Every structure is written in C-alpha cells, then in structure tokens.
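Enquirer: Input: one structure, supplied below.
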Ligand code: PRX
C-alpha cells in the first residue's frame, strides 16, 4: 500500500504556525523557570544527560524505581523483530496492584485518590484504601461473570468513578479493556465490540451532560440487538436513574454484583507484555484502528511522564485532567499515570459550562487544584467568553498548567498562563498520541524555559526527529514530518487483529532510511533556530476537532451510506475555537436532488452522521454540490475543497480533470 501524505507545506495550519514562529523568533520570548519552582522541581537537567548516555539503562532504572515487579526483569528491550517491540519482557507485574494496593501497604491508604464531582453537584470521595477495596470486589465480579486473563471487556460509561474502578478491575485480572467513549453511537459501539470480540460490556443506565441525562444502556441494547454477538453479559451501573429495559439472562446490576462480591482479591503477576487495553482511534481509512497497549512499558512511561512533566508531589498536589476516560488522555493521565504515582486527583462528570460557565474554575477553587491539564479548544472557548468568568474564582492554588490534543496557539498559551495561571505557572504543552501511549515531547517545568506555541523538546529517553518526505533530516528552521527514531516503552504494540496495517500505517514510509525503521507519526513539524519543535497539524486525512481525532474517510462512508447521497468528500477546515471543523461536500442522487431542498438534505445528513458515528463527527457544514473537484486519476482534491470551506481564494486547479468545476462550486455557494 502506498500512503498518501502531503507535505505540511500544503496545509493551511502550516502557514499560520510559521508566521507565529517567525514573529516569536523576532521577539525571542521565552519564560525561564521561576527559581523557587526550579529549587523544588522533580525534574532536573541531569535526566537528559543520563538518558542520552544510556537510553535503555535510563528506562530500566525508571521501571525499577517507579514500579513494583513481582518478578524482576533482566531484558530491557527486545527489538529483534522491528517494529514489534517487547519491553521488560521477562518481568512480571500487576498493573492494578501498582496503582492501588502498594500505596495502601506503604501507609497511604487514607490519602484521597479521587475527588469526584458529578455534574448535578453531587460528589464522592475515594481514598486509596477505599478504591482498592472497590477494585478488588469488581475483580471478583468480573471473574464471577466468567472473565479471565486475555478476555476483552468493553467499557461504555460516563465519567463516573465506576469507569476507573472497571478499568482497574479488568487490568487486575489480566483481561483487556476497550473503553468506548460514551458519545459514540450504537453502531460505533457495535463495531468496536465485534472487532475485539468482547465478552462483557460495562455500562450505566445513563450519565449527566449539559444538565440532562443521556442514555447509555439503551444504546448498548441497540448495539447488541440484531445479529448475535460475542457479548455474554452487560453489567449496568445505576447513575442516570432513567428508564431502561432489562434482559434477565444477560443484564446484571453493578450494585447487586458488588454487594455480593468478596472484598479480598489477590493481584497475580502478569508478564510485562500482557495486553492491557485496546483503544480505537480514527485512521486514514473508514475503519477505526484498535490500538493495543501492554503493561510494564506502558505503566513505566505514563507514570514517569506524569510525575516529571507535571512536577507531581503526591503528598501535597491536587491534580486534575479534564479528559474523558474514553480517550487516551483519560487512560494515561486520569487512570494509570496518576494512580501509579499515588496522586490525589479531581474527576468531573460533566461539561465545563454546566450549570454556569465558571464551573471548571469553581471546581479548581473547591478542591484547591494545583496541576491542571486541558485541551487548547477549551482554553480558546473560555478566552472568547472573557476573563471575568475565571477572575471570579480563586485560582491561586494552581502551579502547573498542561495542554494536550492539538497545537496551542501562542495567544491561547499566553492567556492560559496569565489569566488562569496568574502569570506564574509554567505551561507544559505535551505532544503525544493514542499510539505513543504517553507524552513524548514537552518542556519540563523547572528545567525548560518555555516558549508559547511550541511543544519544544523530546522527553528524556525519547528520540524524535523532523525528516523530509524521503527521510532526510531537515535542518533547523525547516519543516517536515515528525518521526520517532527509537522504540519507547509505552509505544503501541500493534493494531488489534491487523499486524499488516500496523506496519503499513506507521513503519513502511520510513522503513529504509538512515536510522530506520522510523515511526511515522502523521504530524507535520518544524524545528526553529533553537531546535525547538513546533507541531503543525496532521499531514494525512485525519482531522483534529476539539482535540479529538476524526477520519475524513469514516465520515465520508457514513454520508454515502445514506440513500440520498451519491458522492461525498469531507475536509477539516480551520476553526477559531475547535482547531478544525468537519465540512462535507455531497452530491445528491439524481432522484433526490429535485425532491429535497439543500437545507433539508444537510439537516438530515448531519443527523445521520450523528446517529452512525456519534455527535462529535457531525459535520459543522454540509454543502450540497453537483460536482467534486477530481484529478485526472479520479482522486478528490481536498486542498481545493478546504480553500472553499475556509473562504479562501481557490488554489492551483491545473491538475483537475475538469478545471471549471471549482469555479462552478464556489459561484453556486456564493449565490446562497
Ligand atoms: O496531531 C497531533 C495532535 O493529536 C494527535 C493525536 O491524537 P490522539 O491520538 O487522539 O491523542 C490526543 C491526546 C494525546 C497528534 O497526532 N496533538 C496531540 N497533542 C498535541 C497535538 N498537536 C500539537 N500539539 C500537541 N501538544
């Protein structure tokens, strides 16, 4: 398979970001670490030296220091069969034990693990001792339902403590979870259940969002209706109190099962390469990829980065990552990283603006949050609302702010630092992906002089580079493609059930280049004159909407599955708040074109995509057109559609089969 990649020079974000780089370089604006911060920082510059001198020794030391092993490892990295890596392969550990029991055994059982805040205002607190007991019970419940090591369990829950408890219970018995974001549709859930052949689904009756209960169990019922599936049981947490239907032989109430379960459960050691979870993410084709992560290397890197990048002092810090556990950020930095480190954290069920637009800042004030991790989209939305909202709350407890999921523009970075961080907090802009499992590029607070808009430097023990399309290193000041040049502990181990796709997607492009095989991340990047890295957005057909990954191909196939649609093309257009927005161009079938107005067709199709994939994938705009711009070989020229979607002058059309088509499209759209 050949991969279609365009160089980042093609992408509109590139132009925008390079402009920022140039202005910044002129200003030379960086923020050196405050001396008082540096004096107590977990990280020190020596970490880079150490990792550079002996990368594998460095990771082995982290794995030994940070984690408890039931059988110590001797082998650090087995890279004899690239790109299939094995880290710490002869060691054994239990992931849940590392996140729970050992903190209790060390005398920290009374430390709060989770301050949970429900959207309607209810709250629950779990100490490490309490959370450990719950997870032990849940592990017994799972075993009682016939789940054993290696079995897959789908988790389709709102942001409630049971989501964390379920994930850890699955990990404790060596089973494999596949968390499906609660906003995904029945069809998306079913595809993921089938691909992983899950035996059990853990869900809730419903969850709270924007002041209302949204149903989950009814969606699971729809997903499992029709064709028989691999699912034997559905375990249901009561949260929304909404009406649900019940299938006696299949459905089990969580609270009944937990009440009857033994509160003791032994945490057996599993091999470091025991699969821990599958998490589906959008790729360049219609079918989501089941990214596979395993145990020992993953936990090592998430715990190391969580501690070092956030400067975590577990005795005193109150940490809050706003991500949902349905995404990788929730896996690594709500569940595994913070709990492995014995952190106290806040977990919030709902949306930032319910019941009032200051809800997040109120939560920070209420719990005295010291470390806060959120996405640039959220920051930009708050910027639009004005500083009066956060200014009404006491945010003086904050000392580190993190950003993740998409490039953070310097304006948002500065606002974040000044308005939320009171002009004193270091900002860590962390670049990573579902596939990398943990942070890869980020400043270290207390060490790095931070630079607004740049994720800056690879973390100690991580080797990245910027290469041109042929794999040649790009000099400082130039743009190219981001690659990872050495295997890292939390790297994906594959795509569930599809080793060929794993090789093709990430490793084929730079298989035979100096230092190869290199991991191709799918992101454009540029190094400035200081060598700092600037991320420039995706170079493939993956969009990033509000920090969530969506595939153009997946939305296109959803659109053409509707009887109205003959052809569809989807592009990610720049959007001031969400980074990118989904914009679709559709050609209606001849028999429909007369029968339905363009407005009605757009509304129906937006609804259809929401039903098929989930609300996050609903196009912001659908243009009904009569032609799509294609090359002579029949490839849709998305670049030109992006020009239209972003209201720009249309670029070079000379390679089009029909050079008139863009003119016709833009004239039609202008007439509206
Ligand atoms: O394009 C990059 C962007 O998000 C993509 C990964 O998306 P996902 O797997 O959903 O994981 C998101 C959370 C880790 C990347 O390929 N991205 C992520 N973080 C940043 C970023 N782009 C720029 N700066 C970041 N800090």
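Enquirer: So, by mean Cβ neighbours within 10 angstrom, what's the order for 609-620, 243-254, 341-352 with the highest one leading?
Expert: Per-residue mean Cβ counts within 10 Å order the peptides as 341-352, 609-620, 243-254.
Enquirer: To the nearest µm²/s, what D does Stokes-Einstein give for the chain at 25 °C and 0.890 mPa s, using the Kirkwood radius over alpha carbon pairs as Rh?
Expert: 95
Enquirer: Cα convex hull of the range 33-127: how many Å³ per residue?
Expert: Details: hull volume 19.8 nm³, N = 95.
So the per-residue Cα hull volume is 209 Å³.
Enquirer: Which order, highest average first, do 592-601, 170-179, 534-543 follow once you tally other Cβ atoms within 10 Å for each residue and take the mean per peptide?
Expert: Result, highest mean Cβ count within 10 Å first: 170-179, 534-543, 592-601.
Enquirer: Then there's this: Could you put 669, 605 in order, starting from the residue whose Cβ has the fewest other Cβ atoms within 10 Å?
Expert: The most exposed by this proxy come first: 669, 605.
Enquirer: Taking the Cα centre of each part, how many Å lie between the range 133-148 and the range 617-672?
Expert: The range 133-148 and the range 617-672 have Cα centres spaced 54 Å from each other.
Enquirer: Further question on the same structure: Across the range 209-267, what fraction of all alpha-carbon pairs, as a whole percent, falls in each successive 5 Å bin from zero upward?
Expert: The calculated distribution, bin by bin, is 4, 14, 23, 21, 16, 12, 8, 3, 0.
Enquirer: Right, another one. Can you give the relative contact order of the chain as a percent, counting alpha carbon pairs under 8 Å and 6+ residues apart?
Expert: Relative contact order of the chain: 14 percent.
Enquirer: Please state, rounded to one decimal and in Å, the Kirkwood hydrodynamic radius that the range 185-304 gives when every pair of distinct Cα atoms enters the mean of 1/r.
Expert: For the range 185-304, the Kirkwood estimate is 16.8 Å.
Enquirer: Next question, about the same structure. What FRET efficiency comes out for residue 599 versus residue 123 if R0 is 51 angstrom and r is the Cβ-Cβ distance? Round to the nearest 0.05.
Expert: 0.70
Enquirer: Once the range 464-553 is represented by equal point scatterers at the alpha-carbon sites, with solvent omitted, what log10 I(q)/I(0) does the Debye formula produce at q = 0.12, 0.25 Å⁻¹?
Expert: -0.40, -1.34
Enquirer: Sticking with this structure for a sec: Rg and Dmax of the range 247-289 over Cα atoms: what are they, in angstrom?
Expert: In Å, with Rg to one decimal and Dmax whole: 17.8, 46.
Enquirer: Quick one: Debye curve from the alpha-carbon atoms of the range 87-135 only, equal weights, vacuum; give me log10 I(q)/I(0) at q = 0.18, 0.29, 0.30, 0.32 Å⁻¹ to two decimals.
Expert: -0.62, -1.00, -1.04, -1.11
Enquirer: Quick one: Kirkwood hydrodynamic radius for the range 510-550, alpha-carbon pairs, angstrom, one decimal? Could the numbers behind the result be given before it?
Expert: Working: mean 1/r = 0.0827 Å⁻¹.
Across the range 510-550, the inverse of the average 1/r is 12.1 Å.
Enquirer: Using alpha carbons only, what's the Rg to Rh ratio of the range 62-109 with Rh from Kirkwood?
Expert: Ratio value, two decimals: 1.11.
Enquirer: If we restrict to alpha carbons, what Rg and Dmax does the range 432-510 come to, in Å?
Expert: 14.3, 43
Enquirer: For 270, 58, what ranking results if the residue with the fewest other Cβ atoms within 10 Å of its Cβ goes first?
Expert: Values: 270 24, 58 20.
Neighbour counts put them in this order, fewest first: 58, 270.
Enquirer: So, in Å, what gap is there between the alpha-carbon centers of the range 27-62 and the range 510-578?
Expert: 31
Enquirer: Moving on. For residue 229 and residue 30, compute 0.36 nm times the residue count separating them, minus their Cα-Cα distance, and round to one decimal in nm.
Expert: That works out to 66.1 nm of additional length.
Enquirer: Let me ask another. So for the range 166-250, what are the equivalent ellipsoid semi-axes in whole Å, largest first, each being the square root of 5 times an eigenvalue of the Cα gyration tensor?
Expert: In descending order, the three semi-axes are 20, 16, 13 Å.
Enquirer: Also, I was wondering about something else. Scattering from the C-alpha atoms of the range 438-595 alone, worked out with Debye: what is log10 I(q)/I(0) at q = 0.17 1/Å?
Expert: Here log10 of I(q) over I(0) equals -1.11.
Enquirer: Where the centroid of each part is defined by its Cα atoms, how far is the range 219-253 from the range 309-375 in Å?
Expert: 30
Enquirer: Using bins 5 angstrom wide from zero, how does P(r) for the range 54-213 break down, in % of all Cα pairs?
Expert: So the P(r) values, bin by bin, are 2, 8, 14, 15, 16, 16, 14, 9, 4, 2, 0.
Enquirer: So what's the projected area for the range 516-577, the Cα convex hull averaged over all directions, in nm²?
Expert: Computing the convex hull of the Cα atoms and averaging its projections yields 6.8 nm².
Enquirer: Stokes-Einstein D for the range 556-672 at 4 °C, 1.567 mPa s, Kirkwood Rh over Cα pairs, in µm²/s?
Expert: Using the Kirkwood radius from Cα pairs, D works out to 89 µm²/s.
Enquirer: When the distances between all Cα atoms of the range 305-353 are binned every 5 Å from zero, what whole-number percent does each bin get?
Expert: With a bin width of 5 Å, the distribution comes to 5, 22, 33, 23, 11, 5, 0.
Enquirer: If you don't mind, there's one more thing I want to ask. Beyond 17 Å, what share of the Cα-Cα pairs of the range 343-476 is found? Please give it as a whole percent.
Expert: That fraction is 63 percent.
Enquirer: Using only the Cα atoms of the range 325-419, what are the Rg and Dmax in Å?
Expert: According to the Cα coordinates of the range 325-419, Rg and Dmax are 13.3, 37 Å.
Every number here is computed from the coordinates shown, using simple stated rules; none is lab data. Remember, predicted model here, so these are calculated numbers, not experimental data. Note: ideal-geometry Cβ built from the backbone for every residue, glycine included; neighbour counts use all protein chains shown.
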